[in-house]
Every structure is written in structure tokens, then in C-alpha cells.
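First up is the structure itself, then whatever we jot down about it.
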Amino acid sequence: MAFEYVKALHIIFIVTWFAGLFYIVRLFIYQTEALDRPEAERIILKPQLDLMANRLWYIITWPSAILTLIFGTWVLFYRPGYLSMPFMHAKLTFVLLLYIYHFRCHYIFKSLQNGKAVWSSTKLRLWNEIATLLLFAIVFLIVLKSLINMVWGITGLILLGIALMLATKWYKKMRERN
């Protein structure tokens, strides 16, 4: 019975972590664009966006990342046999990439809090899609528990990545027209 509670908490913190990661990059985009606004607008926008990003990052995203790791490790403690399965090795590799993504977001967060844009808003829009690709990879691996289906999954991820990049470029063109 305890295993189900631990697994449920792990899933809940995964969801809140991803919510934080998705929204923080949107805030990065807004912060970056605010830095290019006239000074009168920048004076109003920057402190508010910085406050929103700070609260999201330290109150939701970081704690969720830590609790995901704690409860995920606890799940593996209950089911150590997972560690001998190839799908779990692949899943944990994607999870490692997600933590690397998180740490890179922390670097971008710190730079923007200091008023320095690391990347353009367009590059940040593309960056935001990496979390989406990692989410798809992790969920499909954990649900399917199969590396054979991984070939189809990787093909789908590549196609999804291409579709997301094309959609981002299309959206940029639409914004520039308006």
C-alpha cells in the first residue's frame, strides 16, 4: 500500500515540476522581450516579471524537481528490479537530460534576474520545446516499458520536434506580421 502512495507523490511532483519548467521558460521569453521595451515600460515590466519568475522557480519548480528525485528514488527502492530493465536505463537517461535542462534553465534564470538576456525570445521558444520532447520520451518509456517500441517512439519524437520547430517559426512570422 505504501508503494502506491509513494508512486502517486512521485507522479504529482513530476507534473508540478514540468508545469514549472514550461511556465518558467515562458517567463524567460517575457523577461527577454521586456528588456527590449522602452525604459518606461521596462521599469514596470521587469520587476514584476522578475518577481513572478523568482516565486515560480524557488517555490514550485526547484522543490518539485527535488521531490521528484526523492520519490522516484523511493519508487526504485520498492521496485529495484526496474534497474535491471533496459527501458528504465533509457528512461533514467532522459531524466538525467531533464535535470541538465533544469540546471541550464537555472543559469538563464540567474542571468535574467541580473538583467542580462542569454538568448533571444525565438531561441527561448525553441528551448521550451525540449522539455516537451523529454516529457514525451519519459512518459512513453514508462508506459510502454519497451525499447523495441523505442524505435517508433524516437521516430515520433523526431517528427514531433520538427513539427514544434516549424510551428515556432510559423508563430514568429505571424507575430512579425502583426
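What follows draws every value from the coordinates through simple rules; no lab data is involved. This one's a predicted model, so the numbers in the text were calculated from it and none came from an experiment.
Suppose the chain between Glu176 and Leu159 were pulled fully straight at 0.36 nm per residue; how much longer would it get relative to their current alpha carbon spacing? Roughly 3.5 nm would be gained on extension. Normalised by 2.2 N^0.38 Å, where N is the number of residues, the alpha-carbon radius of gyration of the range 28-73 equals 1.57. Look at the Cα gyration tensor of the range 87-178: its axes a ≥ b ≥ c give a/c of at least 1.5 with a/b at or below b/c, and that counts as oblate.
Computed from backbone phi, the HN-Hα couplings of the range 162-176 come to 4, 4, 5, 5, 5, 5, 5, 5, 4, 4, 4, 5, 5, 5, 5 Hz, rounded to whole numbers (Karplus: 6.51 cos²θ - 1.76 cosθ + 1.60, θ = phi - 60°; Gly and Pro given as x). Sequence-distant contacts, meaning Cα pairs under 8 Å at least 6 residues apart, place the relative contact order of the chain at 28 percent. Note on Lys145: lysines with a C-alpha under 25 Å away, same-chain residues under 8 apart excluded, are Lys7, Lys91. Rg and Dmax over the alpha-carbon atoms of the chain stand at 18.4, 59 Å.
The lysines whose alpha-carbon is closer than 22 Å to the alpha-carbon of Lys123, local same-chain residues fewer than 8 away aside, are Lys46, Lys110, Lys169, Lys172, Lys173.
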